[in-house]
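The values are calculated or read from the model by the stated rules, or taken from the named source; none is laboratory data. In this text, all values refer to a predicted model and were calculated from it rather than measured experimentally. Neighbour counts are summed over all protein chains in view; Cβ atoms, including those assigned to glycine, are modelled from backbone coordinates with ideal geometry.
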């Protein structure tokens with residue numbers, strides 16, 4: 001596994017910061033939105049800082065790289081999509097995220113949106129992103145349960161519209 005240089009604490013110490021996004025434009029993010037990934041996301045070894053921002057639908061979130069305007073992910077509340085879903089954190093994940101009790105952990109699944117006229121949106125239930133919002137940390141956790149799919153079809157219209165969420169800006 002490729003290691004990532006430690007996050008420079010001075011970049012996370014700012015109370016607000018402007019984050020550039022090719023999809024969302026210029027965003028003023030609060031310190032509480034900043035998430036450091038001590039272990040990089042699979043396939044993105046050079047990206048360790050993201051802003052976690054509410055999307056236009058309640059239960060959906062944008063995870064925007066704080067250093068690469070083109071790197072953005074759509075995340076969803078997996079429990080809205082499947083009330084029987086569970087995330088199993090091992091001891092090493094709990095240690096990295098500093099999870100002392102279940103309420104310290106906040107789990108989301110990555111959404112893949114269709115390009116053009118392809119099939120609908122899918123969610124990665126096999127490798128959710130788990131955050132400790134209080135500590136500003138996150139990591140991708142590979143599930144030990146083989147029943148969880150990598151590309152499970154999902155309907156995003158189950159998430160109600162929220163006026164205060166961020167929308168993709170007009171081209």
- Message: If I ask for residues that are loosely packed, with under 11 Cβ neighbours inside 10 Å and either in contact with a helix residue (DSSP H, G or I) (Cβ under 8 Å, 6 or more places away or on another chain) or more than 30 Å from residue 155 (Cβ to Cβ) (or both), which ones from the range 91-104 would you list?
- Response: 91, 95, 101
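Residue by residue, here is whether (1) surrounded by fewer than 20 Cβ atoms within 10 Å (Cβ to Cβ); (2) in contact with a strand residue (DSSP E or B) (Cβ under 9 Å, 6 or more places away or on another chain); (3) at pLDDT 95 or above holds:
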residue	(1), (2), (3)
44	yes, yes, no
54	yes, yes, yes
63	no, yes, yes
69	yes, yes, yes
77	yes, yes, yes
88	yes, no, no
- Could you please let me know if residue 76 is in contact (Cβ under 8 Å) with a residue 60 or more places away in the chain and closer than 23 Å to residue 20 by Cα? yes
- Task: Would you mind stating whether residue 142 is at pLDDT below 95 and closer than 17 Å to residue 44 by Cβ?
- Result: yes
- Task: Could you please find all residues in the range 26-48 being touching a helix residue (DSSP H, G or I) at 6+ places or on another chain (Cβ under 7 Å) and not in a loop (DSSP other than H, G, I, E, B)?
- Result: 34, 36
